[in-house]
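> One structure is given below, represented as structure tokens, and several questions about it will come after.
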Amino acid sequence: MRNVFLVCRKELNSYFASPIAYLLMAFFGLMIGFVFYTATRDMVRMSFMAQMQGQMMPQNVNDAIIKPLLGLASTVALFLIPMITMRTFAEEKRTGTIELLMTSPVRDTEIILGKWLGAMLLYLCVLAMSMINLALLFAWGKPDLKPVLVAYLGLILQGGCLLAIGVFISTTTRNQIVAGGVTFFVCLILWLLSWFTAFDSSSTAQVINYLSIVTHFENFSKGVIDTKDVVFYLSMIFFSLFITHRAMESLRWRA
Amino acid sequence: MIKVEGLTKRYARTVAVDNISFEVEKGQIVGFLGPNGAGKTTTMRVLTCYLPPTSGTATVAGFDVLENPMEVKKRIGYLPETPPVYPEMEVDEYLIFVGQLKGISSREIRRRVDDVTERCAIGDVRKKLIGKLSKGYRQRVGLAQAIIHNPDVLILDEPTSGLDPKQIIEIRELLRSLAGEHTIILSTHILSEVEHSCERVIIISQGKLVAIDSVSNLTNRLRGSEAVALEVEPHDGRPNPVEVQQRLEQVSGVSRVLMKDSKNGRINFEVESLQGRSIRADLARSVVQAGWNLSELRAVGLSLEDIFLQLTTAEQKDEAKPKEESKEKVVEGVNQ
């Protein structure tokens, strides 16, 4: 456990020692800020107009602002995750520091978990940028807190899942660009799966639909925690980290 | 301390290490010698549990590298060919990270870092980013990393590469101070390195064990035959080199005569004797009796370098090539 923590802290340190962490946080903050601004502006305008015509407020804050905001966060995360995970193993393999880790009295599992947790923590820091905007809403409005928390849980699970896939892809190459590119395409495909099958109800389509990362996030964004989705994400995380472990083992036999 | 038996490591098509066996006792410094691609690094990687052997066994302090890798790793300090450093870390930060990874408690870590930074003479760069350090400093940080947890066994892959002569001497002294309580294996292709710091030498070539012995034994073993450098000064174009060579070859006990390039008119030869024969006096007499001017005659000791070449190029020599040529070629190759 101590070793997991050690590797994780080292990972976080190197993220924050390079511009990558700040870049991702700034980029994410900007995107979310922009959407927050337009969504809030539109909502204020609409309710203003509704009041002028003597009607009730047509929308609540949760539906009009928070839901599209966090929905967008889940899509933007798709693009950020390859940038977080691409260096995890590829960089260590290129510089040879993997030899240090693999010849230290540390289990492979501990290295993998440490790296994944490090990536997770950076991802949480990035996600936290969206809380600035939400804090404003909570300060001046009365949004419902519970669906927000559920949506964040969904974002964390989805992120954990994609990060685990990214970490695995990073073990297969010593080139960061390749690792990042492949991870991006895999994320994109997992995202697009739900598009392919939108109006199809055959059993194959349902299987494909089940594999799509995004369909599982939908429930969370509505404020619903479905065990099915939680199990899906957790099993994906476990499976990805498991094949990462296998990949590391094969690295010893092949390298 | 280290026991390797029938170790073989095969990659997809090539055999990197072929059935090597050796033992290293506690407290010894052993030099691992071989030309590039001989299998030095592979053997070291097997010993450090980085690569599993294809067949055969390797044990460190009684623990098998396959069955008990955790115990082996705890007892080993390893410096790979390129020091495994993170350029974005400060030296102190890095050493603390590695130390904790090797299992040093956080209470003790500061003291250990102070100790190794002093031993490796990197005290003045402790707060610098490793990425900004020169190659020599980086190498020393790598060495500090290897000894931070006071391991029983130190495995160093070319520890002095990239260092300047003064630093090399410092590292040698450091290694000597570490021997005794630590068992050290260091690989190198620089021969003087082994002569200076090692007690025993393991020479491998093309994945096979060629020789394993103490440095002095190895040198003596091949000193049985004597090499003599001889210089003749011609007068009015007499004698010509071929004449001299023919006469020298007739001296009893001479195994071969090698003509070297002649400088300012003098003709140089290198003469090797048969095993156990002393030929210097006979050579001198022979030249003088012919009425030629003998301007120089001296014994040339066979250095470890010659032994190394003799051992590692033995196979090539057997292949129908003329003796002289093959040796000359290799010497040239090494000098370049």
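> Taking beta carbons within 10 Å but only from partner chains, what does the mean come to for residues B:41-48?
On the way: counts 0, 0, 0, 1, 5, 0, 1, 4.
Mean partner-chain Cβ count within 10 Å for B:41-48: 1.
> Residue by residue, what Karplus-based ³J(HN,Hα) values in Hz, rounded to whole numbers, does segment A:184-192 have, using 6.51, -1.76 and 1.60 with θ = phi - 60° and x for Gly and Pro?
My calculation for segment A:184-192 gives 4, 5, 5, 4, 5, 5, 4, 6, 6 Hz in order.
> Expressed as an acute angle from 0 to 90° and rounded to the nearest 10, what is the orientation of the C-alpha long axis of helix A:227-254 relative to the principal long axis of chain A?
In chain A, helix A:227-254 runs at an angle near 20 degrees to the longest axis.
> Take segment B:226-300, drop everything but the C-alpha atoms, weight them equally and run the Debye formula without solvent; then report log10 I(q)/I(0) at 0.12, 0.19 Å⁻¹ to two decimals.
The computed values of log10 I(q)/I(0) come out as -0.27, -0.68.
> Report the label-to-label distance for B:D164 and B:R10 in nanometres (one decimal), using points 7 Å from each Cα along the Cα→Cβ vector.
About 4.9 nm separates the two model spin labels.
> When all alpha-carbon pairs of the protein assembly as shown are counted, what percent fall beyond 41 Å?
Details: 80392 of 174345 pairs.
For the protein assembly as shown, the share of Cα pairs beyond 41 Å comes to 46 percent.
> Based on the Cα atoms of chain B, what semi-axes does the equivalent ellipsoid have, where each is the square root of 5 times one gyration tensor eigenvalue, given in whole Å with the largest first? Please report the intermediate quantities before stating the final value.
Details: eigenvalues 457, 106, 53 Å².
The equivalent ellipsoid of chain B has semi-axes of 48, 23, 16 Å.
> Once label points are set 7 Å from the Cα along Cα→Cβ at both B:N19 and A:R41, what is their separation, rounded to one decimal in nm?
The two pseudo-label positions are separated by 8.0 nm.
> Where in segment B:70-99 are there trypsin sites (Lys or Arg not before Pro) that are in a DSSP coil and have at most 16 other Cβ atoms within 10 angstrom of their Cβ?
Sparse-neighbourhood loop trypsin sites (Lys or Arg not before Pro): none present.
> Kindly provide the pair-distance distribution of segment B:77-150 built from C-alpha pairs, with 5 Å bins from 0 and whole-percent values in order of increasing distance.
P(r) for segment B:77-150, in whole percents per bin: 3, 20, 33, 27, 14, 3, 0.
> Springs between alpha-carbon pairs under 10 angstrom, Gaussian network model over chain B: which of B:K102, B:K166, B:K208 fluctuates most?
B:K166
> Additional query: If packing is taken as the mean number of other Cβ atoms within 10 Å per residue, what is the order of A:243-252, A:154-163, highest first?
Per-residue mean Cβ counts within 10 Å order the peptides as A:154-163, A:243-252.
> Subtract the Cα-Cα distance of A:W253 and A:W140 from 0.36 nm times their separation in residues, and report this length gain in nm to one decimal. All intermediate terms of the calculation are to be shown ahead of the outcome.
Working: separation 113, 0.36 × 113 = 40.68 nm, distance 5.95 nm.
That works out to 34.7 nm of additional length.
> On a 0 to 90 degree scale, rounded to 10, what angle separates helix A:19-52 from the longest Cα axis of chain A?
10 degrees
> When Cβ neighbours within 10 Å are restricted to other protein chains, what is their mean count per residue of peptide B:90-102? Don't jump to the answer; show the numbers that get you there.
Values: counts 2, 0, 0, 3, 2, 0, 1, 6, 5, 0, 7, 12, 5.
Taking the mean over all residues of the peptide, I get 3.
> Within segment B:132-147, whose backbone N sits under 18 Å from a point 7 Å along Cα→Cβ of B:I190?
So the set is B:134-144.
> Say a site is exposed when it is one of the GluC sites (Glu not before Pro), sits in a DSSP loop, and has at most 13 other Cβ atoms within 10 Å; what is then the longest site-free stretch of chain B?
It works out to B:182-318.
> Round to a whole angstrom and tell me the spacing of the C-alpha centers of segment A:193-229 and segment B:154-200.
62 Å
> When Cβ neighbours within 10 Å are restricted to other protein chains, what is their mean count per residue of peptide A:102-111?
If you average over the peptide's residues, the count of other-chain Cβ atoms is 6.
> Across 10 Å bins from the origin, how do the percents of Cα pairs in segment A:2-254 run, short distances first?
7, 28, 31, 21, 9, 3, 1, 0
> Just list whichever of B:K26/B:K135; B:K73/B:K166; A:K93/B:K9; A:K93/A:K228; A:K146/A:K228 have alpha carbons separated by over 29 Å in the model shown.
In this structure, B:K26/B:K135; B:K73/B:K166; A:K93/A:K228 lie more than 29 Å apart at Cα.
> Sticking with this structure for a sec: Please list the non-local residues whose amide H lies under 5 Å from the amide H of B:S255, H modeled 1.01 Å from N, same-chain partners needing a gap of 5 or more.
Amide H neighbours of B:S255: B:E272, B:S273, B:L274.
Only the coordinates and a few stated rules stand behind these numbers; no lab work does. Everything numeric in this text was worked out from a predicted model, so none of it was measured. With ideal geometry, Cβ positions are generated from the backbone for all residues, glycine too; neighbour counts draw on all protein chains shown.
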